[in-house]
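S.K.: Just passing along the structure, written as structure tokens.
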Amino acid sequence: MKYTVVLTAAFPKVARELLAGEFDVIEHPTEHGRSEEDMITILAEADAAITLLQDPVTRRVLESNPNLRIVSNFAVGYNNIDVDAARELGIAVANTPGVLTEATADLTMALLLAVTRRVVEGDAETRTLQRCDWEPLKLLGASLQDKRLGIIGMGRIGSAVATRARAFGMEVVSVRRGDAASAGKHAGAISMDDLLATSDILSIHAPLTRETHHLIDAAAFAKMKRGAYLINTSRGALVDENALCNALDSGQLRGAALDVYEHEPQINPRLLAMKNVVIVPHIGSATEEARNAMARIAATNVLLVLRGQEPLYKVI
Ligand code: GLV
């Protein structure tokens, strides 16, 4: 009897190609977010699943199907999965690290440049006016040369952003997440308070955990340098979105550029109305190269576990 692999989306075709010879593959594409009930329904027949970062893989979902052997998340982040429950139930959890590092770092730089140089505002204005007038005081932004970039989460993606930012003449400082003791081991690592108080631009690259939820809240915004920028390409809930809106309204922040939101797929309407906020729809890893590589890894993780081996990238 063949194992059944459920794909909760239409992933790049390499995923299906790798699995179809050996297993029954069922695709459940959706245009909208799924509830716990939806997950229970579509995983009912699954021995393995490749899931989206927004699929709620809760304890109830994991307990609902005793045949489930692996949840292979099509993402590096896995905050959508109850890994404690998976561990207790003996279900493997795997992810796709490494292959989306450069793509996400590129998008971070795109956002950083877009917000500091007002690219989106300029595009919108030019289309509206249907002309281009050079004016001495038009759409003035901020230079990157000699500015300080504060990176929260100096892992793979944070480090790739640091390399790019240094090439733009920026000074890079970082804080080790939740680990003040190890901060001194990393060049440019300083305390969180110093990082907040001295960075011209703050960029977040830490995973979402219980400890990092609302890491940047009203108190953190109050500690930031007035007129700083915030870039977030990690997970929305690291930032208290209401506090972010207040900081932007008061001028404490000069701008923000966001790929992720606290309550995806919803975006705070206050953010949508602000010209000094650049908004993109969670596309950090959205290059053909990265997504194909993620699909290959996610499928290989499944393949290996169903063959009784270890996945390539095991979370637990
Ligand atoms: C994207 O957000 C990922 O975690 O891969």
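The values are calculated or read from the model by the stated rules, or taken from the named source; none is laboratory data. Nothing here was measured: the structure is a model prediction, and the numbers come from that model. As a convention, Cβ positions derive from the backbone with ideal geometry for all residues, glycine included, and neighbour counts pool all protein chains shown. In case anyone asks, the SASA skips ligands and DNA or RNA and just uses the protein heavy atoms, side chains included. Shrake-Rupley method; radii C 1.70, N 1.55, O 1.52, S 1.80 Å.
S.K.: Return a yes/no flag: does the range 137-160 have any residue that is among the polar types (S, T, N, Q) and part of a helix (DSSP H, G or I).
M.R.: Residues of the range 137-160 that are among the polar types (S, T, N, Q), as a first pass: 143, 145, 159.
Next cut, part of a helix (DSSP H, G or I) only: 159.
Yes, there is a match, as at least one residue in the range 137-160 is among the polar types (S, T, N, Q) and part of a helix (DSSP H, G or I).
S.K.: Shifting gears a bit: For the range 13-49, what are the residues that are in contact with a Phe, Trp or Tyr (Cβ under 6 Å, 6 or more places away or on another chain) and either among the acidic types (Asp, Glu) or open to solvent by 30 Å² or more (accessible area, probe 1.4 Å) (or both)?
M.R.: ASP47
S.K.: Only one residue in LEU107, LEU62, LEU113 is touching an Asp or Glu at 6+ places or on another chain (Cβ under 8 Å), open to solvent by 10 Å² or more (accessible area, probe 1.4 Å) and either assigned to a helix (DSSP H, G or I) or touching a residue at least 24 places away in the same chain (Cβ under 8 Å) (or both). Which one?
M.R.: Just a single option satisfies the conditions, and that option is LEU107.
S.K.: Then there is this: Quick check on my filter: what residues within the range 198-219 are in contact with a helix residue (DSSP H, G or I) (Cβ under 6 Å, 6 or more places away or on another chain) and in a helix (DSSP H, G or I)?
M.R.: ALA218
S.K.: Tell me, yes or no, whether the range 54-70 has at least one residue that is under 14 Å from the mean Cα position of the chain (by Cα) and among the small types (Gly, Ala, Ser).
M.R.: Among the residues of the range 54-70, not one is under 14 Å from the mean Cα position of the chain (by Cα) and among the small types (Gly, Ala, Ser), which makes the answer no.
S.K.: Would you be able to say whether some residue in the range 114-128 is more than 26 Å from GLY255 (Cβ to Cβ) and either in contact with a Pro (Cβ under 7 Å, 6 or more places away or on another chain) or among the basic types (Lys, Arg) (or both)?
M.R.: no
S.K.: List the pairs whose first member sits in the range 86-97 and is assigned by TED's automatic domain parsing to the domain that holds VAL76 and away from the ligand (no atom under 13 Å from the Cβ), whose second member is among the aromatic types (Phe, Trp, Tyr) and open to solvent by 20 Å² or more (accessible area, probe 1.4 Å), and whose Cβ atoms are under 8 Å apart, counting only residues at least 6 apart or on separate chains?
M.R.: Note: pairs meeting the criteria are VAL93/TYR78.
S.K.: Ok, one more. What tally of residues in the range 1-12 results from selecting those that are free of Cβ contacts under 8 Å to residues at least 60 places away in the same chain and open to solvent by 60 Å² or more (accessible area, probe 1.4 Å)?
M.R.: If we filter the range 1-12 for residues that are free of Cβ contacts under 8 Å to residues at least 60 places away in the same chain, which is where we start, we get 1-2, 4, 6-8, 10.
Subsequent filtering for residues that are open to solvent by 60 Å² or more (accessible area, probe 1.4 Å) retains 1-2, 10.
Summing the residues that are free of Cβ contacts under 8 Å to residues at least 60 places away in the same chain and open to solvent by 60 Å² or more (accessible area, probe 1.4 Å) in the range 1-12 gives 3.
S.K.: Moving to a separate point now. Looking at (1) within 23 Å of ARG235 (Cβ to Cβ); (2) part of a loop (DSSP other than H, G, I, E, B); (3) open to solvent by less than 10 Å² (accessible area, probe 1.4 Å); (4) not acidic (Asp, Glu), which is the only condition VAL71 fails?
M.R.: VAL71 satisfies all of (1) within 23 Å of ARG235 (Cβ to Cβ); (2) part of a loop (DSSP other than H, G, I, E, B); (3) open to solvent by less than 10 Å² (accessible area, probe 1.4 Å); (4) not acidic (Asp, Glu) except (2).
S.K.: Could you identify the single residue in ASP82, ASP146 that is surrounded by 17 or more Cβ atoms within 10 Å (Cβ to Cβ), away from the ligand (no atom under 16 Å from the Cβ), modelled with pLDDT of 95 or more and among the acidic types (Asp, Glu)?
M.R.: ASP82
Matching residues to (1) open to solvent by 20 Å² or more (accessible area, probe 1.4 Å); (2) polar (S, T, N, Q); (3) within 21 Å of ASP200 (Cα to Cα):
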position	(1), (2), (3)
GLU241	no, no, yes
ASN246	yes, yes, yes
ASP249	yes, no, yes
HIS263	yes, no, no
ILE267	yes, no, no
LYS275	yes, no, yes
HIS282	yes, no, no
ALA286	yes, no, no
GLU289	yes, no, no
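S.K.: Which of the following residues is touching a residue at least 40 places away in the same chain (Cβ under 8 Å) and in contact with a Pro (Cβ under 7 Å, 6 or more places away or on another chain): ILE81, ILE70, ILE50?
M.R.: ILE70
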